[in-house]
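The values are calculated or read from the model by the stated rules, or taken from the named source; none is laboratory data. Just so you know, these numbers come straight off a predicted model, no measurement behind them. Using ideal geometry, Cβ is built from the backbone for each residue, glycine included, and neighbour counts are taken over all protein chains shown. For the accessible areas, the whole protein counts, side chains as well, though only heavy atoms, and no ligand, DNA or RNA atoms are used. Shrake-Rupley method; radii C 1.70, N 1.55, O 1.52, S 1.80 Å.
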Amino acid sequence: MKVQFSNKFEEKLVLGTLRVQKLLIYRIIQRTLLLIFPFALFGSFIKIIQTVVIGKEGFLTDIFPALNNDLIYREIDNITNSLYSLSLGWVSVIAIFGAAKYTAKYYHRDDQLAGLTGISALLIVDYSYSKLQLMSFHPDILGMKGILFAIVLGMFIGWLFKKTSRPDPNLKSESSSNVLERAFISLKPIVFSLIIAVIFSILINVTYYSEAPGNFINSLAAESSSSNSWTQLGRTLLFSIYTLVMSFFGWSGTYSALGVEKMDVLSTVNLNYALEKHTAWNAPNPFTSSTLYHAFATYGGTGSILGLIIAILIVSKDKDFQTVARWAMIPSIFNIGSGVMTGIPIFFNVIFFIPFILAPLANVLMAAIAIVLHLMPPSVYPVPIGTPGPLIAFIGTNGSWQALGFSILAIIIATYIYIPFVKMAAKVKLMDNLGLEEGVI
């Protein structure tokens, strides 16, 4: 079966992606992400309940009837926190297990012990030395933000098993003597892995944990306010760069848009202006994280992936893509994109890297132009966590229909940007499957 290409760019991108997908590192990443998909999807629904429905600043908190019984509320909160911690908040532990296991298995080493060693190493690295709590961990590394680190560490541990242990010809045997023999064969890589983990743990705990996205945006916000057109153009370019950086971090798994927005210096000035003037029009600082990036570039999560889901539902005939898109639609409406990020997967996917960067950038530039031309007011009011993407600017402007119109336009732009890449991804998957069946890959 021969796949037809629409143009040279599509052909080069598809064939280039296929070459990348033949690499061992990509195969390991892909299998690892698919391993954590059900946990990420389940956790995303729990996240909706935890932050959007019962959270103090959640979007639906005021819509659902309040629980007058504090005991019931605490029990629901405890249950959702536990379920989230052991699903979406635990995916990096599953990721390092998969990465270490698949790497060791490729090199014909003990994959089970490699996976368990990976889990132990990650927990040691992530352990927080605290006098208040005997057992505490840094939650960011265990969750979605730690996936990149977990996969890299897992592959390193699998490689360490290759370098410091020998293959076991009786690896599949489950006899007690053989299990003991396997343990001694893998003892050296296990010890080396745990020693390295301890060193990393000490370094992490003696250094300062900084929030890079927040610090970066605050540095932009610290600049003096100015109505000069060249200054505004400069800030637009800076936020374009910021959008590119955040999109890359989201693509690599180290950043999530949900719940990270904070009132920086300029946003606070805008809010005070709106409260005093009773309007968002002519706010003194039209270019902030609230008015541009969070209001127009994070629909469905980092990368405007709500547009991707809509594009899949419109044009894709691939059953797997359609299934993931339908299941991930509801969490993505509330800007929780972990399901589609791991189920397609989007993380480290060469085909979707371009639209993942381009879609939010196009929406930020569109919003900046609309604000400069006074076609809509900037978003200056606080927005509840988990507010659906198309409603962020609408609520942030205190009900501006112009902002709602441009929000809908942003979804359309993102969808049209993703459509050709969804078609290309389907061709990549088809050619990849054909190659596997024919023994080419």
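What are the residues in region 1-59 that are farther than 26 Å from LYS427 by Cα and of a type in the set (Asp, Glu), if any?
Matches in region 1-59: GLU57 only.
Return the residue satisfying two criteria in turn: it lies in region 394-407 and is among the small types (Gly, Ala, Ser) and under 12 Å from LEU375 (Cβ atoms), and of such residues it is surrounded by the fewest Cβ atoms within 10 Å (Cβ to Cβ). Can you show your working first?
Taking region 394-407 as the starting set, the residues that turn out to be among the small types (Gly, Ala, Ser) are 396, 399-400, 403, 405, 407.
With under 12 Å from LEU375 (Cβ atoms) added as a condition, the list becomes 400, 403, 405.
Values: SER400: 21, ALA403: 29, GLY405: 15.
Checking each candidate, the answer is GLY405.
Does LYS101 meet the test of being closer than 18 Å to GLN30 by Cα, charged (D, E, K, R), modelled with pLDDT under 90 and open to solvent by less than 80 Å² (accessible area, probe 1.4 Å)?
Working: closer than 18 Å to GLN30 by Cα: yes; charged (D, E, K, R): yes; modelled with pLDDT under 90: no; open to solvent by less than 80 Å² (accessible area, probe 1.4 Å): yes.
No: the conditions fail for LYS101.
Which of the residues belonging to region 350-360 are open to solvent by less than 30 Å² (accessible area, probe 1.4 Å) and of a type in the set (A, V, I, L, M)?
First pass over region 350-360, keeping only residues open to solvent by less than 30 Å² (accessible area, probe 1.4 Å): 351-352, 355-357, 359-360.
The answer is ILE351, ILE357, ALA359.
How many residues does region 357-373 hold that are touching a Gly at 6+ places or on another chain (Cβ under 8 Å) and aliphatic (A, V, I, L, M)? Spell out the reasoning first.
Residues of region 357-373 touching a Gly at 6+ places or on another chain (Cβ under 8 Å): 357, 359-360.
Now narrow it down to the ones that are aliphatic (A, V, I, L, M): 357, 359.
So the answer is 2.
Can you work out which of the residues in region 64-85 that are of a type outside the set (Gly, Ala, Ser) and at pLDDT below 65 is most open to solvent (accessible area, probe 1.4 Å)?
Here is the first cut: in region 64-85, the residues of a type outside the set (Gly, Ala, Ser) are 64-65, 67-81, 83-84.
Add one more test, that the residue is at pLDDT below 65, and what stays is 64-65, 67-69.
Working: PHE64: 102, PRO65: 111, LEU67: 79, ASN68: 147, ASN69: 74 Å².
Among those residues, the one meeting the criterion is ASN68.
So which residues in region 366-387 are buried (at least 18 other Cβ atoms within 10 Å of the Cβ) and in contact (Cβ under 8 Å) with a residue 60 or more places away in the chain? Talk me through it step by step, then tell me what you get.
Within region 366-387, the subset buried (at least 18 other Cβ atoms within 10 Å of the Cβ) is 367-368, 370-371, 376-380, 383-387.
Within region 366-387, ALA367, ALA368, ILE371, PRO377, PRO378, SER379, VAL380, VAL383, PRO384, ILE385, GLY386, THR387 meet the criteria.
In this structure, does LEU404 turn out to be free of Cβ contacts under 8 Å to residues at least 60 places away in the same chain and aliphatic (A, V, I, L, M)? Steps first, please.
Details: free of Cβ contacts under 8 Å to residues at least 60 places away in the same chain: yes; aliphatic (A, V, I, L, M): yes.
Criteria met by LEU404.
Step by step: first the residues of region 104-131, then only those that are closer than 12 Å to LEU160 by Cα and assigned to a loop (DSSP other than H, G, I, E, B), then the one that is least open to solvent (accessible area, probe 1.4 Å). Which residue is that?
If we take residues in region 104-131 being closer than 12 Å to LEU160 by Cα and assigned to a loop (DSSP other than H, G, I, E, B), then ASP110 is least open to solvent (accessible area, probe 1.4 Å).
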